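The values are calculated or read from the model by the stated rules, or taken from the named source; none is laboratory data. Because the structure is predicted, anything quoted here is derived from the model rather than measured. Here the Cβ is made from the backbone with ideal geometry for all residues, glycine too, and neighbour counts use every protein chain on show.
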There are 2 protein chains.
Amino acid sequence: MQRWVECVPNFSEGRRQEVLEAIAGAMREVAGTHLLHMTADPDHNRAVFTIAGEKEPVMEAVLRACRVAVCEIDLRRHQGVHPRIGAVDVIPFVPGPGVRVDECVRLAEETGKRLWEELQLPVYLYGLAARTPARRRLATIRRGGFEALRAEIGQPERHPDIGEARLHPSAGATAVGVRRPLVAFNVILGTDRLEVAQEIARRVRETGGGLVGVQALGLPLASRGRVQVSLNLLDPVRTPPYRAVELIRTEAARYGVAVVESELVGLVPLRAVLASAAYYLGLEKLEPEQILEWNIAHVLGEGSTQLQWRWPDGTGNAGR
Amino acid sequence: MQRWVECVPNFSEGRRQEVLEAIAGAMREVAGTHLLHMTADPDHNRAVFTIAGEKEPVMEAVLRACRVAVCEIDLRRHQGVHPRIGAVDVIPFVPGPGVRVDECVRLAEETGKRLWEELQLPVYLYGLAARTPARRRLATIRRGGFEALRAEIGQPERHPDIGEARLHPSAGATAVGVRRPLVAFNVILGTDRLEVAQEIARRVRETGGGLVGVQALGLPLASRGRVQVSLNLLDPVRTPPYRAVELIRTEAARYGVAVVESELVGLVPLRAVLASAAYYLGLEKLEPEQILEWNIAHVLGEGSTQLQWRWPDGTGNAGR
């Protein structure tokens, strides 16, 4: 059985195609890794890559991509609506088949150490790699973005976990963590009123009394003359996309605003999609075993270990 | 690369668990086949099995199951709301990876020949195996069910394609065919008025001016005090389940009747589910490549030929 990790580095560049290609090219150089997907957004000015493979090659590929990003991206001149603290804003590792969380935590720490030593990026460890409960949430680390962190990094509670308390002058800092598969998901509203998106986001997210495991921000989309609710569903099998979309629709109705469309960022676990389809079609449930191709792949045996993608606790894809 | 066919035999038994187990047991005896799924419905008094494997073993397994069904099921005493002409009502073969339609047609003919010779079941060839355009549609062959066919089998236009023009006294006749993957799908309405389900079915199906490739019947569900629209979506990627469900909802609103729930019969192609999830979530599209596990399985190579499940014309899963 192959032992895989997934890594989903986020870079603060979503406009210059040549930079995105250079970042992708750097990752593709490393044998034993597979660049699975890329999403870039010009309003966010941000790109999300998904790469998978064995632990060491994936780390190596991501570090090479970071080297490109540090050269090419200058946070002092960066404009984008998504919160960010660095050119390489966040590097989450996701344990795949046969890989334990603690192995990924060690991989995150090794990656952080090399980011500091080789690129002078101070590193914050978050999620399952956090050293203190306060650092578990990425939003806490990223509060106020590059500009606030530059002013506050000398304060003890904002000191990085790896490296010294000074930002890289142009590339800022990086958050490196371990997490389960999540769904990153934007819901676009039929209005240009930012306060509507912000108010809806506040009510839908866990910290505002909304859905458990849901993070949400209201953001403007200047290029489209609209606003969006940008969401992370941290446990997308327990809280599938449909529940967030319908709750946003409910809150948006207060303003007479419609949900116009939505878009996925990166890849989505199958069970999160099936749960959403089941809800709308009126099926009591819809399991991977009811999907023709999945079922065939399972009985074939080939690829089935990969398709299972179970967590070490044996509770399924996203920690159900 | 392995060469697989799928076969989805429908038996006119959905109540007696011991008979269903005997049928399943007969199929499991044959090495090289995989019994993937079974759905039984007491109101339909019908069960749908999904079996896959190489051509010859699948045919052998299905024939053994037919032998059990012919012994155990007596159409003269059979009660069930689903149309049927035989104990083994219909045997569709579906070409899988590496198998051509014409190979499946030969397999259907060979199966039909053995059903007649070994079990004295007259056989109608339908779908892509039909010898005349009139026999393409299963509904034409099955018109009036066992009782009508018993009275009419002597008429030239109802003569079987294989065997003599006389029904098996207790087990009737069998339709054997070749088709693409379809979605069989029941939508249950919040009423017990059969005429409402029948009227909605008539408007939703292709022959009534409804959706292309959709077959629909209104059926009573005595065990639940409701009625249902029972659907086949013959090209479920082009006409995904969401479109049928929403059209049924629209027609049901004329009667003040709600869609209560729905249920899948057998397995469903992934792309049909993804198209439905995309519609409701507001995604412009949702492709298998955006599904984490699918993407991983693809780049791994293992299992990818199975997951592709493409048609010989190279246009994708369900003939898009």
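What the table below lists for this structure:
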{"read-out": "Residue in the stretch B:189-211 that is within 14 Å of chain A (Cβ to nearest Cβ) and farther than 17 Å from B:V123 by Cβ present", "value": "yes"}
{"read-out": "Selected residue (only one of B:D102, B:D89, B:D74 is free of Cβ contacts under 8 Å to residues at least 40 places away in the same chain, closer than 24 Å to B:G163 by Cβ and either surrounded by fewer than 24 Cβ atoms within 10 Å (Cβ to Cβ) or not assigned by TED's automatic domain parsing to the domain that holds B:S223 (or both))", "value": "B:D102"}
{"read-out": "Test result for A:A65, outside any strand (DSSP E or B), on the phi < 0 side of the Ramachandran plot and not assigned by TED's automatic domain parsing to the domain that holds A:R224", "value": "yes"}
{"read-out": "Checklist (1) at pLDDT below 95; (2) within 14 Å of chain B (Cβ to nearest Cβ) applied to A:A222, failing item", "value": "(2)"}
{"read-out": "Total residues in the stretch A:232-278, condition within 22 Å of A:R203 (Cα to Cα) and within 8 Å of another protein chain (Cβ to nearest Cβ)", "value": "10"}
{"read-out": "Residue in the stretch B:174-197 that is in a helix (DSSP H, G or I) and of a type in the set (D, E) present", "value": "yes"}
{"read-out": "Candidates A:V237, A:V227, A:V212, filtered to the one that is of a type in the set (V, I, T) and either under 20 Å from A:R193 (Cα atoms) or in a strand (DSSP E or B) (or both)", "value": "A:V227"}
{"read-out": "Residues satisfying the stated conditions in the stretch B:122-146, i.e. in a loop (DSSP other than H, G, I, E, B) and either at negative phi or of a type in the set (A, V, I, L, M, F, W, C) (or both)", "value": "B:P122, B:L128, B:A129, B:A130, B:R131, B:T132, B:R136, B:R137, B:R142, B:R143"}
{"read-out": "Single unsatisfied condition, A:L189 versus (1) of a type outside the set (G, A, S); (2) closer than 25 Å to A:C7 by Cα; (3) in contact with a strand residue (DSSP E or B) (Cβ under 6 Å, 6 or more places away or on another chain)", "value": "(2)"}
{"read-out": "Residue match in the stretch A:2-23 (condition: at positive phi, of a type outside the set (V, I, T) and either free of Cβ contacts under 8 Å to residues at least 40 places away in the same chain or assigned to a strand (DSSP E or B) (or both))", "value": "no"}
{"read-out": "Of residues in the stretch A:279-289 being within 8 Å of chain B (Cβ to nearest Cβ) and without any contact (Cβ under 8 Å) to a residue 12 or more places away in the chain, the one farthest from A:G190 (Cα to Cα)", "value": "A:E289"}
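Yes/no per residue for (1) assigned to a loop (DSSP other than H, G, I, E, B); (2) small (G, A, S); (3) under 20 Å from B:A278 (Cβ atoms); (4) not assigned by TED's automatic domain parsing to the domain that holds A:V81:
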{"residue": "A:L247", "(1), (2), (3), (4)": "no, no, yes, yes"}
{"residue": "A:E251", "(1), (2), (3), (4)": "no, no, no, yes"}
{"residue": "A:V257", "(1), (2), (3), (4)": "yes, no, no, yes"}
{"residue": "A:E263", "(1), (2), (3), (4)": "no, no, yes, yes"}
